[in-house]
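K.L.:
Below is one structure. I have some questions about it.
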Amino acid sequence: MSFVPSPSPVLPHPLGTDAPATCEVPHFAPVRVRGGRYQLSRLVRHRRRAVAVGLAVTAAALVTAAPREADGARGHPVAEPVRQHRAVERVSAPVRIADGATVRLLRPGDRVDVIAAEETATGGDAEVVARGARVTKVPEPLDTATDSGALVVLSVPRSTAARLAGASATARLAVTLC
C-alpha cells in the first residue's frame, strides 16, 4: 500500500478551534472505598489471623536482625568461655527411713529431703543429708511391723549416697517432701 498525498492543500486551523465544544460535567455521587469505615471491626472479627500475621512478621524481622555466625555476639565480648558442666553420675541408694508410715505417703517421682537425727530424745542435732533426692521406688514392706522403719530407693549423686550410708549407720533418718 502506498501513500499518495491528497490533491487539496491542507490549511491550518486557527488555534483553539480543533478542540470539541465545552459542555457541563454532570454531578456524580462521591466515590467511597469499600470497607474503609469498618476496617477496625473487621480486624476484631479476624483477630486470630491478625495475630498470626503479626507473629510471622516479627519472626521474619528477628531472623533478619540476628547476628550471623561470622559476626559473633553483639554487645560485650566474652572474656572467658563458659565452662561446660559435666554430668553428675546418679546412683540408686536404698535408705531405711525410721517412720514407715511416712514412706507409705511417697510415690516414685517425688522429691524429698533426707534428714539425719541423732538421739532426738536427749536434744541431739539434726542435719539435712540429701536435698531434692528423687524417689525411684517404694518397695512393699516384707512384714507388718513398722518398728524398724521402711525402705525407700532414692536417686542421688554418688557422693550423697556415701553420706546417706554413713548417716543411716549412726542416726535415724526422716524424709520431708519438697
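K.L.:
Using per-residue counts of other Cβ atoms within 10 Å, averaged over each peptide, order 45-53, 17-25, 132-140 from highest down. Don't jump to the answer; show the numbers that get you there.
P.N.:
Working: 45-53: 10.6, 17-25: 5.9, 132-140: 15.1.
Per-residue mean Cβ counts within 10 Å order the peptides as 132-140, 45-53, 17-25.
K.L.:
Continuing with this model, one more query. Going by a ≥ b ≥ c, the root eigenvalues of the Cα gyration tensor, does segment 90-177 fall in the rounded group (a/c under 1.5), the prolate group (a/b larger than b/c) or the oblate group? Could the numbers behind the result be given before it?
P.N.:
Values: a/c = 1.69, a/b = 1.08, b/c = 1.56.
Oblate is the answer for segment 90-177, as a/c is 1.5 or above yet b/c matches or exceeds a/b.
K.L.:
Let me ask something additional. Collect residues whose amide H, placed 1.01 Å from N in the peptide plane, falls under 5 Å from the amide H of residue 172; neighbours closer than 5 in sequence don't count.
P.N.:
117, 119
All of the numbers you see were taken from the coordinates with simple rules; none came from a lab. All values reported here derive from a predicted model rather than from experimental measurement. In this analysis, Cβ positions are derived from the backbone assuming ideal geometry, glycine residues included, and neighbour counts consider all displayed protein chains.
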